[in-house]
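Working notes, structure below.
A short reminder: the numbers here are calculations on the coordinates, not readings from a lab. This is a predicted model, so every value here is computed, not measured. Cβ placement follows ideal geometry from the backbone for every residue including glycine, while neighbour counts extend to all protein chains displayed.
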Amino acid sequence: MFVEKNVPLQPYNSFGIVAKAQQLVRISSTEALQAACKEGNFAAEPPFVLGGGCNIVLTGDVKPLVLKMEIMGKRLVEETARHFVVEAGAGENWHEFVAWSVAQGWPGLENLALIPGSVGAAPVQNIGAYGVELQDRFHSLDAVNLHTGELFTLEASQCAFGYRDSVFKHATQTGLLGKAVITAVRFALPKAWRPEVSYADLSRKYADFLSQIGTSPAQNLREVLLKQEQLSRRSWAEMLPELIPSASQILDWVVQIRRAKLPDPAVIGNAGSFFKNPFVTPEQRADIIAREPKVVSYNMPDGSIKLAAGWLIDACGWKGKGVGNAGVYEKQALVLVNKGTGTATPATGGEVMTLAKAIQTSVYERFGILLEPEPVVV
Ligand code: EPU
């Protein structure tokens, strides 16, 4: 394997933090990864796997060997009676893969458009947005065992997907953190596709689209949406075709919503949502509502309740504030940003983590909830 020394990592992390990899190997094929596993002593010294670098905070130079995943390729693997099975290499850019699959006429991933990062990183945190999670469209993945170099395949049930969670985030005996690297991911995209527009921001875009059509069926449907009523599978099946938005239409709406709310890492460094949305019991919510009636919460199918962490942080007055060059984004308090992007003094990982801890403390003191960071701190 070809080992590069002292490689600057600033271009390879979306926060734009300055740090170096003491040793870095670019992995552009499964075979190259298997060869690296044979040469390196990864059981004793686990490497650090770098995908799109969109979900990490670097707090110093990276000492373990960095494996930079650059396995490319996207293709239709199989067409079954019900699905198109589509595969992409771990190093492919996630958004380009989504846009490509929709353009090919294989809808299903459009709600996940513009999520920064690589295909290989997507299952690790079971990415999700606007009512769809990766696990809803997942087929299987290939990964390499870092200790043996062996290639293996996992189905959805073996990935232990949860909210922003999977088997790849756990260092327990059955967990795969530090033990395996994803090389390719396959998605089963349904032929009986239905739009998913129930998330409030998307529902609003859909209502605007219907008002432009202007016919009375469009108006009637718009009234239903404005009452925030859910559309069943049956109502989609019976709907006039001109009232159904296409997948590429939804992709455009998602791109518009994300651009309006979330900062572009190329302009202002960030790692997306910095904290997970916390889950509470109905009793805990009742307790918070008694003190904070406006708290934003969602009832989950399993009976638990998810609180909007962005609301909690916003309520503590953090929007626009910061520590050094690390700041809280003005339009979405859940996103921490590098205010020094493109200058001689970008935020350091230390500043980002000091800010994160201060936010955790103030949310805990006011609401009794400990927010859990979402990105991996290196
Ligand atoms: N809110 C505020 N103030 C804020 C931010 C949010 O009051 O500063 C309120 C909003 O008014 C809204 C609620 O909080 O009612 C939820 O906000 P939003 O719709 O922006 O979604 P989120 O829960 O903050 C999650 C994901 C995002 C994903 C969006 C859309 C997590 C940790 N984040 O954010 O994912 O794009 O929903 O589905 O689950 C990411 O993981 O990096 C990410 C961007």
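What ranking do 26-34, 103-111, 119-127 get when scored by the average of other Cβ atoms within 10 Å per residue, highest first?
Values: 26-34: 18.0, 103-111: 19.6, 119-127: 25.0.
Answer by packing, highest mean first, reads 119-127, 103-111, 26-34.
Looking at the square roots a ≥ b ≥ c of the eigenvalues of the Cα gyration tensor of the stretch 74-190, which shape do they give, rounded for a/c under 1.5, prolate if a/b is larger than b/c, or oblate?
Details: a/c = 1.79, a/b = 1.52, b/c = 1.18.
It is prolate, given that a/c is not under 1.5 and a/b is the larger ratio.
Per residue of the stretch 296-305, in order, report the coupling 6.51 cos²θ - 1.76 cosθ + 1.60 (Karplus, θ = phi - 60°) as ³J(HN,Hα) in whole Hz, putting x for Gly and Pro.
Couplings: 8, 9, 10, 7, 8, x, 7, x, 7, 10 Hz.
Return the long-range amide H neighbours of Val62 (sequence gap of 5 or more, or a different chain), with a cut-off of under 5 Å between placed amide H atoms.
Correct list: Lys20, Ala21, Gln22.
Placing unit charges on C-beta atoms (Lys and Arg positive, Asp and Glu negative, everything else neutral), compute the dipole magnitude of the stretch 4-69 about its Cα centre in debye, rounded to 20. Present the calculation step by step, with values, prior to reporting the outcome.
On the way: 6 positive and 5 negative charges, 21 e Å.
So the magnitude is around 100 debye.
Given Cα pairs under 8 Å that are at least 6 residues apart, what percent is the relative contact order of the stretch 269-377? Walk me through the numbers on the way to the answer.
Values: 170 pairs, mean separation 32.9, N = 109.
30 percent.
By how many nm would the segment from Glu78 to Glu155 lengthen if fully extended, with 0.36 nm per residue of separation less the alpha-carbon distance?
On the way: separation 77, 0.36 × 77 = 27.72 nm, distance 1.58 nm.
Gain on extension, Glu78 to Glu155, equals 26.1 nm.
Give a residue-ordered list of calculated ³J(HN,Hα) values for the stretch 36-50 (Karplus: 6.51 cos²θ - 1.76 cosθ + 1.60, θ = phi - 60°; whole Hz; x for Gly, Pro).
Using θ = phi - 60°, the values come out as 4, 5, 6, 7, x, 9, 6, 5, 7, 10, x, x, 9, 8, 10 Hz.
Normalised by the number of residues in the stretch 212-337, what is the relative contact order in percent for Cα pairs under 8 Å and 6+ residues apart? Could the numbers behind the result be given before it?
Working: 108 pairs, mean separation 26.3, N = 126.
So the answer I get is 21 percent.
Output the pairs from Lys191/Lys261; Lys38/Lys169; Lys205/Lys331; Lys38/Lys179 with a Cα-Cα distance over 22 Å in this structure; if there are none, say none. Don't jump to the answer; show the numbers that get you there.
Numbers: Lys191/Lys261 31 Å; Lys38/Lys169 24 Å; Lys205/Lys331 19 Å; Lys38/Lys179 14 Å.
As for pairs spanning more than 22 Å Cα to Cα, those are Lys191/Lys261; Lys38/Lys169.
Residue farthest toward the positive end of the dipole of the stretch 1-141, with Cβ of Lys/Arg at +1 and Asp/Glu at -1: which of Ala121, Trp94, Phe48?
Positive-end residue among those listed: Phe48.
Based on Cβ point charges of +1 for Lys and Arg and -1 for Asp and Glu, what charge dipole magnitude is obtained for the stretch 200-244 about its Cα centre, in debye rounded to the nearest 20?
On the way: 6 positive and 6 negative charges, 21 e Å.
The calculated dipole for the stretch 200-244 is roughly 100 debye.
Mind putting a number on the dipole of the chain about its Cα centre? Charges go on the C-beta only, +1 for Lys and Arg and -1 for Asp and Glu, and I need it in Debye to the nearest 20. Walk me through the numbers on the way to the answer.
Values: 36 positive and 37 negative charges, 126 e Å.
The calculated dipole for the chain is roughly 600 debye.
Distance between the C-alpha centers of the stretch 325-347 and the stretch 143-207? Whole Å please.
29
I'd like the antiparallel share, as a percent to the nearest 5, of DSSP beta bridges with both residues in the chain.
Working: 46 of 56 bridges.
Percent antiparallel among DSSP bridges in the chain is about 80.
From the square roots a ≥ b ≥ c of the eigenvalues of the alpha-carbon gyration tensor of the chain, which class results: rounded (a/c under 1.5), prolate (a/b over b/c), or oblate? Mind showing how you got there, number by number?
Working: a/c = 1.79, a/b = 1.21, b/c = 1.48.
Note, shape of the chain comes out oblate.
Here is the link list: Lys5/Lys339; Lys319/Lys339; Lys294/Lys319; Lys5/Lys63. Which ones come out longer than 19 Å on Cα distance? Walk me through the intermediate numbers first.
Working: Lys5/Lys339 29 Å; Lys319/Lys339 13 Å; Lys294/Lys319 17 Å; Lys5/Lys63 11 Å.
Listed pairs above 19 Å: Lys5/Lys339.
Place +1 on the Cβ of every Lys and Arg and -1 on the Cβ of every Asp and Glu in the stretch 265-340, take the dipole about the Cα centre, and give the residue among Phe279, Val337, Ile289 whose Cα lies farthest towards its positive end.
Most positive-ward Cα: Val337.
Determine the relative contact order of the chain: mean sequence separation of Cα pairs under 8 Å and six or more apart, normalised by residue count, in whole percent.
Details: 745 pairs, mean separation 60.5, N = 378.
In percent, rounded to a whole number, it is 16.
Search the structure for amide H atoms under 5 Å from the amide H of Thr341, placed 1.01 Å from N in the peptide plane, and list their residues when 5 or more places away or on another chain.
Here Gly269, Ala347 satisfy the definition.
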